[in-house]
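For reference, the structure discussed in these notes is given below.
Bear in mind that the values in this text are calculations on the coordinates, not laboratory data. Note that the structure is a prediction, hence the values are computed from the model and not measured. Note: ideal-geometry Cβ built from the backbone for every residue, glycine included; neighbour counts use all protein chains shown.
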Amino acid sequence: MAPKPCALCTVNPAAIVRPKDRSALCKPCFFNVFETEIHHTITSTNLFARGERIAIGASGGKDSTVLASVLKTLNERYDYGVELILLSIDEGIKGYRDDSLETVKRNAKEYGMELTILGYKELYGWTMDQVVEQVGKKGNCTYCGVFRRQALDRGAAKLGVKHVVTGHNADDVAETVLMNLLRGDLPRLSRTTSIVTSTPSSVASSSPTDPASHTNIKRSKPLKYAYEKEIVLYALHKNLTYFSTECIYSPEAFRGSARALIKNLERVRPSAILDVVRSGEDMAKLCPGSDEGCGGACGSSTSAIPMAEEEEGGCGSSNGRNAGSEMANMDRQLAQNEAAVENELEVEITFHGRDGTQQKIKKQPKKIKGQAAASVPRKAVTKQVMGKCKKCGYLSSQEVCKACTLLEGLNKNRPKNHIEVGYDAEPENHVRDLAGQVKGLEVGSG
Amino acid sequence: MSSSPENLTVKVEFSGGLELLFSNKRTHTITLPAHTPSTSTTPTTIRDLVIYLCDELMRDPRRDLFVLDGTVRPGILVLINDADWELEGEDAYEVKNGDSILFVSTLHGG
Ligand SMILES: [Zn+2]
Ligand SMILES: [Zn+2]
């Protein structure tokens, strides 16, 4: 065996093939370029301010573990002068977080960072186990995801921290770009491609329970341009301890549609992931329809794009990205979508990628197409306007945000089946049926 | 390691959640035919190994979480003796006696 030498130092044997350019690097050179690229992302976007206290949303999973490790390294190497702390959310699923929280505790000790663990119970009055007891296992991911979306902000507010960084990586962003593109949701596309998002306080919260203003927390994703593959390899070769698990309430969670599509694209052409991210940014520049004047046009500057709760969701992962709830989101989006044409496109492409079995499923779209077009009625266009939740002040396109709506339902002991206000359930059922059909197909093709 | 010329003994590791599919055990030492089919002279490749693992080692019915279209599912990284399998010809790599092969899922959790 004559191992290929590293493309950078030409001395050590190569151990990693970089997805972005297929260059083969040795471990030390890989560590160096990986860290340097993240440093470049941070400095070119003026992400951090000296003296700033920054909470890392930590789950013990690969992304947040690598994020914590790299930020500690860079903060020391380049003297950012920021204070890094760890913030973990415990959904309250018995046994589920035990191991991952142990991992976070170990990381906190190892990195010398302060750690705060906050539970859904403390933040919302309900653990996920209690939610499941009440609403059953079906649909509980919606609750988990909606609660998660606000949990880091609420937690940060409790700690008096104004900036939360999360481990969202390039694969996550590419996935979001595709999803929003397929939905035709360009304003949201521009918000989700921005490296910084915020939940700006427009003050005047009607709720007396909102003194801490969790609605003015800056959120950013320093790993936005980092490939998931490289994050995993960094953790692996650096011997970082991370924990991987699926949410026990959604065992099929990772059979996600857009995610599978991204991974299939990567297999064919690894640079596709960053290409999608960059394309998303470019498209965002062309549609200044978002809530801020620049509409994400200054995507690589420091502007904070307001982000409503529904932009990211799901459970199971530290980042709140989860394929299972994506499907649920997609279902709802389909149901809401007014244009049948768009629905066709969405159904077709979604289910292509769903299990990676493009060719086998390809036979089906004609049938699906016809059905989708026939069964999803046209709806009047409801313009999405970003406002504040009447109850908690959180940025929301609805009068009352999803978390508050869900909580209201839970507290009334009468859970809501549909968290979207004001649309009928029928189209959703049709979409479910379609999903069922395609699922059947998968079983046959596996 | 005792291995006749007809067999290969390799170390197989699962990580990133994949161990859940393999009796929740991270490291396995397995012995498999050096040729696939065993009566042929065709060297056993990673592709063959993966099918072998599904047939002989996996107790979990969710085979498609590991294998898709006859090869390793996209989103699962493979390291052959600590090196990216892309350096070694991916699933066409011919498995050698004593190899250490690691499968890491990137799909679970964050
Ligand atoms: Zn090197
Ligand atoms: Zn609210």
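Taken together, the residues in the range A:47-73 that are over 15 Å from A:Lys224 (Cβ atoms) and part of a helix (DSSP H, G or I) amount to 6. Note on the range A:95-168: enclosed helices (runs of 4 or more DSSP H) holding 1 or more residues that are among the basic types (Lys, Arg) are A:98-111, A:120-124, A:140-159.
Residues in the range A:88-107 that are under 19 Å from A:Leu71 (Cβ atoms), surrounded by fewer than 20 Cβ atoms within 10 Å (Cβ to Cβ) and free of Cβ contacts under 8 Å to residues at least 40 places away in the same chain: A:Lys105 alone.
Among residues that are within 12 Å of ligand 1 (Cβ to nearest atom), out of contact with any Leu (no Cβ under 6 Å at 6 or more places or on another chain) and aromatic (Phe, Trp, Tyr), A:Phe48 is not included. Note on the range A:7-45: among residues that are charged (D, E, K, R) and more than 10 Å from ligand 1 (Cβ to nearest atom), the one that is surrounded by the fewest Cβ atoms within 10 Å (Cβ to Cβ) is A:Asp21.
Taking residues in the range A:24-40 that are closer than 12 Å to A:His237 by Cα, and partners anywhere that are away from ligand 1 (no atom under 13 Å from the Cβ), the pairs with Cβ atoms closer than 8 Å and at least 6 places apart or on different chains are A:Phe30/A:Glu230; A:Phe30/A:Leu233; A:Phe30/A:Tyr234; A:Phe31/A:Tyr234; A:Phe31/A:Lys238.
Residue count for the range B:78-110 satisfying the condition of being touching a residue at least 60 places away in the same chain (Cβ under 8 Å) and either more than 7 Å from chain A (Cβ to nearest Cβ) or part of a strand (DSSP E or B) (or both): 11.
Return the residues of the range A:24-38 that are more than 11 Å from chain B (Cβ to nearest Cβ) and either within 16 Å of ligand 2 (Cβ to nearest atom) or of a type outside the set (Phe, Trp, Tyr) (or both); say none if nothing qualifies. A:Pro28, A:Cys29, A:Asn32, A:Val33, A:Glu35, A:Thr36, A:Glu37, A:Ile38 - these are the residues of the range A:24-38 that are more than 11 Å from chain B (Cβ to nearest Cβ) and either within 16 Å of ligand 2 (Cβ to nearest atom) or of a type outside the set (Phe, Trp, Tyr) (or both).
Of the residues A:Thr41, A:Thr10, the single one that is more than 16 Å from ligand 2 (Cβ to nearest atom) and within 30 Å of B:Glu94 (Cα to Cα) is A:Thr10. A:Lys4 meets the stated requirement of being surrounded by fewer than 16 Cβ atoms within 10 Å (Cβ to Cβ) and within 14 Å of another protein chain (Cβ to nearest Cβ).
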